[in-house]
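Read through the structure below, which is laid out as structure tokens, and then see the notes.
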Amino acid sequence: MASGADIRGQNDKSQDKSPKDQDANDRTSAAGEQTSGAGEVQYGGDNNGVLGEGELVKAAQLIAGSRYCVVLTGAGISTESGIPDFRSPGTGLWSRVDPVRVLSATAFEERPEEFYRFVMDLCEPLAGAEPNDAHRALAELERLGYVKAVITQNIDGLHQKAGSRRVLEVHGNARTGTCTGCGLSLSMEDILARARSGEVPPRCEACGWPLKPDIVLFEDPLPDDFLYAQREVRDSDLLLIIGSSLEVAPACYLPSMAQRIIIINLQPTPYDARADVVIRGRAGETMKRLVKLVLISTKMEKPQAENPYREGKSL
């Protein structure tokens, strides 16, 4: 089970729990994530991609005026860091293999050679990846007090590397693995090095049980980070979504719990009609401009008052 970042300061994991308070009618089907692609930064909620600053300014005003803004990120935020979108038809890793077969709890237990061969391919592009402008912009918004938590579908750890501190990883992470016997935690770098040397599955030196990546596998229970993510979205008054198709469970359930929604994504999503603002644009350039506009919006709203975000104070 993925460890993830526990923003509640709790370390206990209850893997036998799953959320029961979602409206099943709001659930969208788990189709393939499709968030990468080429094109200019385009703003506007329609499919024509009308260039302009109107929606971007509106998004900045919503963030500047929010009480508790939470962010949800998907694969599209990390493609500019050189990490492929695993679910894009024709180019994604999922187009070449069946993920349910190779990245499941059954595969880990019954076909460890196939499982670890795939995990090595999965983790290879993550090794040298660095945060991009979008990751850094979110870390800056958190530092200034605008963003209260980041919920991510990604396993790459780039939010933390960029400086974000309150991160919930609903699909786990590719940084560490855990012994299935004694619970010892090890780095994935060490685990994969042993797998490459022929030790498959890699085993715990303390108790001899197999070592499992802290990636949430198919057939795994939902991680605690998803339970905390639900709470964060319910507590928020604004959900900023970046680079997610909003079609992949369990994250696709979260927007139905949000009060107000901003979506930044190159492709349409099932929640576009419900969103307050939809921006068709690349995550990096869009977020750089958005941070500047948020600061301008704050100054315009409180020209004579001390900016409470400047020192990272909570409102």
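The values are calculated or read from the model by the stated rules, or taken from the named source; none is laboratory data. Quick caveat: nothing in here was measured; it's all calculated off a predicted structure. Here the Cβ positions follow ideal geometry from the backbone for every residue, glycine too, while neighbour counts run over all protein chains shown.
For segment 183-196, state whether one or more residues are part of a strand (DSSP E or B), out of contact with any Cys (no Cβ under 7 Å at 6 or more places or on another chain) and under 24 Å from Leu295 (Cβ atoms).
no
Any residue in segment 126-148 that's on the phi > 0 side of the Ramachandran plot: show its pairings with residues that are surrounded by fewer than 24 Cβ atoms within 10 Å (Cβ to Cβ) at Cβ separation under 7 Å, as long as the two are six or more apart or on different chains.
Partner pairs satisfying both residue conditions: Gly145/Pro308; Gly145/Tyr309; Gly145/Gly312; Gly145/Lys313; Gly145/Ser314.
Restricting attention to segment 156-210, report how many residues are among the polar types (S, T, N, Q) and without any contact (Cβ under 8 Å) to a residue 60 or more places away in the chain.
Matching residues across segment 156-210 total 4.
Quick check: is even one residue across segment 254-269 closer than 27 Å to Asp121 by Cα and surrounded by fewer than 24 Cβ atoms within 10 Å (Cβ to Cβ)?
yes
Listed here are the residues, each with its yes/no results for (1) in contact with a helix residue (DSSP H, G or I) (Cβ under 9 Å, 6 or more places away or on another chain); (2) surrounded by fewer than 22 Cβ atoms within 10 Å (Cβ to Cβ); (3) in the same structural domain as Lys288 (by TED's automatic domain parsing).
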{"site": "Arg96", "(1), (2), (3)": "no, yes, no"}
{"site": "Ser104", "(1), (2), (3)": "yes, yes, no"}
{"site": "Arg111", "(1), (2), (3)": "yes, yes, no"}
{"site": "Tyr116", "(1), (2), (3)": "yes, no, no"}
{"site": "Asp121", "(1), (2), (3)": "yes, yes, no"}
{"site": "Ile155", "(1), (2), (3)": "yes, no, yes"}
{"site": "Lys161", "(1), (2), (3)": "yes, yes, yes"}
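In the list Ile296, Ile279, Ile261, which residue meets the criterion of being hydrophobic (A, V, I, L, M, F, W, C), in the same structural domain as Ile155 (by TED's automatic domain parsing), modelled with pLDDT under 95 and over 27 Å from Pro99 (Cβ atoms)?
Step by step, each of Ile296, Ile279, Ile261 is checked, and only Ile296 is hydrophobic (A, V, I, L, M, F, W, C), in the same structural domain as Ile155 (by TED's automatic domain parsing), modelled with pLDDT under 95 and over 27 Å from Pro99 (Cβ atoms).
Keeping to segment 226-257, report how many residues are among the hydroxyl-bearing types (Ser, Thr, Tyr), in contact with a Lys or Arg (Cβ under 9 Å, 6 or more places away or on another chain) and within 15 Å of Pro268 (Cα to Cα).
Total meeting the criteria: 1.
Identify, please: which residue in segment 117-167 is assigned to a helix (DSSP H, G or I) and basic (Lys, Arg) and is, among those, modelled with the lowest pLDDT?
So, considering only residues that are assigned to a helix (DSSP H, G or I) and basic (Lys, Arg), the one modelled with the lowest pLDDT is Arg117.
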